[in-house]
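J.: Quick one: this structure, given as structure tokens, is what I'll be asking you about.
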Amino acid sequence: MAANSFRAALARVLVHEGGYVNHPRDPGGATNQGITQRTYGAYRRSKGAPLRSVRQMAAAERDAIYRRQYWDPTKADKLPVGVDYVVFDGAVNSGPKQSIKWLQRALGSAYRGEIDGVAGLATMAALEETENHDALIDRICDRRMSYLRALDTWGDFSGGWTKRVANVRAVGRAEAGGRKDVVTVHVAGAEAKARIEDARKAPSKAPADAATGGGIGAGSIAGTLQTLQEQLTPFSAAGDWIATLVVGLAVTGAALAIGGIGYRFYAKRQQARLADALDEVPV
């Protein structure tokens, strides 16, 4: 296990995070060395200290926040070497709960608990059963990438996030194998926070229901007019225009109903894919 690897893991994370940034599209807002102004303010309040800019954060404060906010909640001291760093980096970027969900999903059938983002007994038991840590790290990083692609901010930070996760994967696998030959690199944009609150919204099924309902309604009207046409058959002029209207309504109704059913199927699949990417459903 990795009881003494906090310092090494933090050093790598700090390379990814860089210095002070305040990108207008970064949901984290003003951030210094990976610590947002909001997180820093909460830490200062908990210590009874006056609020100040995150630019003024001391190294000791930074390290204490990283340990309390991200390392300890993921139980990183109890995770295998390499896996600890991968989970820790994910927690810094997207929150401890989300990173633990990636771990739980990556553990597959060995994990028999809820996908709840809590590193409890079931998570630790599944880790004990999992011997191939390289493959586990790959699956964690794959889950992380699926999640990142499901965010509205993907278009702004896809390049940085992709390179960061690739580097995290390489470092984690190297550490799991006892190697120290992979260097951590900083990529601009990779430090942007990737929060669940910025997930894309799944398409609504309401338009499909409306279209299907409209199609059924048009079909009902066409049926009523068909009856009326039969009653007006002796009056050929009236019967002709009603016949044309019946055909038009029938075709329109069928198109609406078919389109509504098709869109509902599409929306349902998109909702399922998004829920899976955001780890909202068990596999």
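J.: Within the range 162-176, take every residue that is touching a residue at least 40 places away in the same chain (Cβ under 8 Å) and out of contact with any Ser or Thr (no Cβ under 9 Å at 6 or more places or on another chain) and give me the one that is surrounded by the fewest Cβ atoms within 10 Å (Cβ to Cβ).
T.: Ala174
J.: Give the residues of the range 140-161 that are over 23 Å from Gly29 (Cα atoms) and surrounded by 18 or more Cβ atoms within 10 Å (Cβ to Cβ), sorted by residue number.
T.: Hits for the range 140-161 are Ile140, Cys141, Arg143.
Here is a yes/no grid of residues against (1) in contact with a strand residue (DSSP E or B) (Cβ under 9 Å, 6 or more places away or on another chain); (2) closer than 24 Å to Thr130 by Cα; (3) at pLDDT 95 or above; (4) surrounded by fewer than 21 Cβ atoms within 10 Å (Cβ to Cβ):
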residue	(1), (2), (3), (4)
Arg45	no, no, yes, yes
Arg52	no, no, yes, yes
Ala60	no, no, yes, yes
Asp63	no, no, yes, yes
Tyr66	yes, no, yes, no
Lys78	no, yes, yes, yes
Ser99	no, yes, yes, no
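J.: Could you check the range 13-51 and list, in sequence order, the residues that are of a type in the set (Lys, Arg) and in contact with an Asp or Glu (Cβ under 7 Å, 6 or more places away or on another chain)?
T.: Arg25, the sole residue that qualifies.
J.: So, Arg164, is that one within 15 Å of Val83 (Cα to Cα) and either assigned to a loop (DSSP other than H, G, I, E, B) or at pLDDT 95 or above (or both) or not?
T.: no
J.: Being under 26 Å from Ala275 (Cβ atoms) and out of contact with any Cys (no Cβ under 9 Å at 6 or more places or on another chain) is the filter here, so list the residues in the range 160-189 that pass it.
T.: Scanning the range 160-189 gives Gly160, Trp161, Thr162, Arg164.
J.: Being surrounded by 24 or more Cβ atoms within 10 Å (Cβ to Cβ), in the same structural domain as Arg173 (by TED's automatic domain parsing) and over 18 Å from Arg195 (Cβ atoms): is that true of Asp84 here?
T.: yes
J.: Listed residues Arg149, Arg112, Arg169; which is of a type in the set (Lys, Arg), in contact with a helix residue (DSSP H, G or I) (Cβ under 8 Å, 6 or more places away or on another chain), closer than 19 Å to Ala76 by Cα and assigned by TED's automatic domain parsing to the domain that holds His23?
T.: Arg169
The values are calculated or read from the model by the stated rules, or taken from the named source; none is laboratory data. This structure is a prediction, so every number in the text was calculated from the model and none was measured. Methodologically, a virtual Cβ is constructed for each residue, glycine included, from the backbone with ideal geometry; neighbour enumeration extends over all protein chains shown.
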